[in-house]
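To start, the structure under review is shown below, and the notes come after it.
The values are calculated or read from the model by the stated rules, or taken from the named source; none is laboratory data. Predicted, not measured: the structure shown is a model, and the values here were computed from it. For neighbour counting, all protein chains shown are included, and Cβ atoms are generated from backbone atoms with ideal geometry for every residue, glycine included. For accessibility, only protein heavy atoms count, side chains too; no ligands or nucleic acids. Shrake-Rupley method; radii C 1.70, N 1.55, O 1.52, S 1.80 Å.
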Amino acid sequence: TAAGQPDATFGVDGVVVDDLSPRIVNGGRGVRAADDSLYFGASDFVAKYTPTGARDVSFGANGLVDVAMARISSIAVRADGALFAVGTLDSDAYAFGFSASGAPLPGFAADGKVAAVRPASAPGAAFLSILRDGDSSLVIGQFDDESYERGELFVQRLRDDGSFDPAFGEGGML
C-alpha cells in the first residue's frame, strides 16, 4: 500500500505463494501494468497475475507463456496489454512481443521475437533492460562483461513492429 504495508486484497495478507514462487524469487523480474495486473518473467516463462494475486488464466496457458528456455531479464507492458520482454536464449539476446492473451504479438517481427544487433566492440552483449518510449517504441539497454569493464552501455530503440529505429543514434544504436 502507499503506507508501505502489505495489500491485504492481494493473495493472503499481501503474499502469493504458488509453484512459480521459487523461480520468480530466484532471479525473476516483474512489472505492474496500468490495470494493476502483475507480470513476472524468469528462467523460461512469463506469468501474469490479477490484482488480487490469482494467476490470470486468460494469459497463455493457466497464466503462463513458455519462452523456450529464454532467461528473461526485463519486461514492459503497453497500454493495450501487449507485453515485451528481453532475455537470452542459447547465448543470443532477443526481444519478445506477446499479445494481451500471451500469443506471439502479430506484427512484431516474423515470429514474435527479434535477435539483438550487437555492437562490434561487444559481440557478447546481452539485452538487460527494456522500457516503453512513448506509445510506439521500446528502448533496450545491453552490455557484456568486457564492455562493462570499459564503462560502455549500448542502447537501442525498437519500433512496435520489432524493427530497429534507424533514426535513433547510428543505425538504431547509441
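When you scan region 150-171, do you find a residue that is basic (K, R), surrounded by 13 or more Cβ atoms within 10 Å (Cβ to Cβ) and modelled with pLDDT under 80, even just one? Write out each step before concluding.
Our first condition is that a residue be basic (K, R); within region 150-171, this holds for 150, 157, 159.
Keeping just the survivors that are surrounded by 13 or more Cβ atoms within 10 Å (Cβ to Cβ) gives 157, 159.
Next cut, modelled with pLDDT under 80 only: none.
No, every residue in region 150-171 fails to be basic (K, R), surrounded by 13 or more Cβ atoms within 10 Å (Cβ to Cβ) and modelled with pLDDT under 80.
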Checklist entry - Picking from A115, A82, which residue would you name as being at pLDDT 80 or above, within 16 Å of the chain's Cα centre (by Cα) and open to solvent by less than 70 Å² (accessible area, probe 1.4 Å)? => result A82
Checklist entry - Could you count how many residues in region 79-93 are farther than 17 Å from D56 by Cα and charged (D, E, K, R)? => result 2
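Select from region 92-115 the residues that are touching a Lys or Arg at 6+ places or on another chain (Cβ under 8 Å) and not in a strand (DSSP E or B) and list them in ascending order. Walk me through it before giving the result.
Let us first name the residues in region 92-115 that are touching a Lys or Arg at 6+ places or on another chain (Cβ under 8 Å), namely 93-97, 102, 104.
Listed by number, the list holds a single entry, G102.
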Checklist outcome for this item: Result of the Cβ filter at 9 Å on region 155-170, keeping first residues that are over 13 Å from I140 (Cα atoms) and partners that are part of a loop (DSSP other than H, G, I, E, B), at least 6 apart or interchain, is D161/G107; D161/F108; D161/A109; P166/G172
